[in-house]
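Heads up: the structure comes next, in structure tokens.
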Amino acid sequence: MPSVTITQFIIEEQRRNKGATGEFSMLLSDIVTACKKISLAVNKGALVGTMGSLETENVQGEVQKELDVITNDIFISSIEWSGYLAGMASEEMDEPYEIPAQYPRGKYLILFDPLDGSSNVNVNISVGTIFSILRAPDGVTHPKLQDFLQPGTRQVCAGYALYGSSTMLVITTGNGVNGFTLDREVGEFYLTHPGMQVPADTHEFAINTSNQRHWEPPVQRYVEEALKGKEGPRGKDFNMRWVASMVAEVHRILIRGGLFMYPQDSKLKDKGGKLRLLYEANPMSFIIEQAGGLSTTGRERIVEIQPTGLHQRVPVILGSKNEVEKLIEYHQAV
């Protein structure tokens, strides 16, 4: 039985940082609480009748699940009162969420996707929560939209919770990646996956092949070569996966390696891509890079992109280093 709780882990990390005030540690503790509550809401969804779709759409034009709204409210209510945040932004909300006036303000900004992969909830496939923490600009206690538009290199923390056969929380603060598993009997996360690393080589990739006709030539080439297996130019057989939940895809890559692609294609070009830079691509790229992998649009490192909008979309290719480098090479050859 693992003995290090996430609370202990956070406190020990704080002690290693002589200048730490404890504010960041307390914010992480509140995020942990939010993820426990969301895990419970997801697990009870069918029992309490919250698995259906609503008649509303979010800012991306996607039909919202009832659990999208419930989990968004849970995340906000769990951390807005803490006094450690200057502002919040959610994938489910058009504009940044302003901290209510009765609560003190802090120095951090948080951006989050409360229920990634929510289209899967009513078929009992893993879903998750993704979050990214930034510092508010100096002296800013009532942040404007522009204050959230920081490149991923300025993240101080990124993480995700996975609600699957067990509930896991995976986080990085720029010093590697660590995974924690929830013991429901105790109500505590325990360190079960210290120092997570993405294997540099893989024979597994994840992509939605129904979009194949829309892909750009570099991705067409990569997948075509992979599907030829041992007899093809890559000289090895590949397996293909697709869960339609970024959290589940990234978690599999962290555990056993792999490649995840939601690349640019002709259908998505006007939108910029499929996945949201601030809520999905940046935090997951930070995690993957801290675990020894790579993350790119095919043409540029994702975390170096200067955001221009709160719900900006980008192409995403991330995972095992040697396979991502192969795709970068193919994009450069065009």
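Since every read-out is calculated from the coordinates, none of them should be taken as a lab result. The structure displayed is predicted, hence computed values, not measured ones. Cβ placement follows ideal geometry from the backbone for every residue including glycine, while neighbour counts extend to all protein chains displayed.
Annotations for the structure displayed:
- Between 0 and 90°, nearest 10: helix 246-256 axis offset from the chain longest Cα axis: 70 degrees
- The antiparallel fraction among DSSP beta bridges confined to the stretch 204-334 stands at about 70%.
- Residues in the stretch 220-237 carry Karplus couplings, in order, of 4, 4, 4, 5, 4, 5, 5, 6, 6, x, 4, 7, x, x, 7, x, 7, 7 Hz; the curve used is 6.51 cos²θ - 1.76 cosθ + 1.60 with θ = phi - 60°, and Gly or Pro positions show x.
- Two-site label geometry, Ala101 and Arg241: point separation in nm, points 7 Å out along Cα→Cβ: 5.0 nm
- For the pair the stretch 256-334 and the stretch 110-141, the centres of their Cα atoms are 17 angstrom apart.
- For the stretch 60-161, convex hull of alpha carbons as volume per residue, Å³: 105 Å³
- Efficiency of FRET between Gln220 and Glu12 - r from beta-carbon atoms, R0 41 angstrom, step 0.05: 0.30
- Arg184-Val4 FRET efficiency (beta carbon distance; Förster radius 25 Å; 0.05 resolution): 0.90
- Rg/Rh for the chain, where both radii come from Cα atoms and Rh is the Kirkwood radius: 0.96
- With the highest mean first, a sort of the peptides 129-138, 184-193, 281-290, 148-157 on other beta-carbon atoms found within 10 angstrom per residue produces 281-290, 129-138, 148-157, 184-193.
- Label-point separation, Lys230 to Trp81 (7 Å along Cα→Cβ), nm: 6.2 nm
- Karplus (6.51, -1.76, 1.60) ³J(HN,Hα), θ = phi - 60°, over the stretch 304-309, in Hz, Gly and Pro reported as x: 9, 5, 7, x, 10, x
- Under 14 Å, Cβ to Cβ, from Gly139 - net charge with Lys/Arg +1 and Asp/Glu -1: +2
- Computed lengthening from Gln306 to Val156, 0.36 nm per intervening residue step minus Cα-Cα distance: 52.4 nm
- With the simple spin-label model, which puts each label point 7 Å out from Cα in the Cβ direction, the Glu325 to Asp138 separation comes to 3.9 nm.
- DSSP bridge orientation in the chain - percent antiparallel, rounded to nearest 5: 80 percent
- Per-residue ellipticity at 222 nm computed for the chain from its helices equals -9000 deg cm²/dmol, with DSSP H segments shorter than 4 residues left out and the rest contributing -39,500 (n - 2.57).
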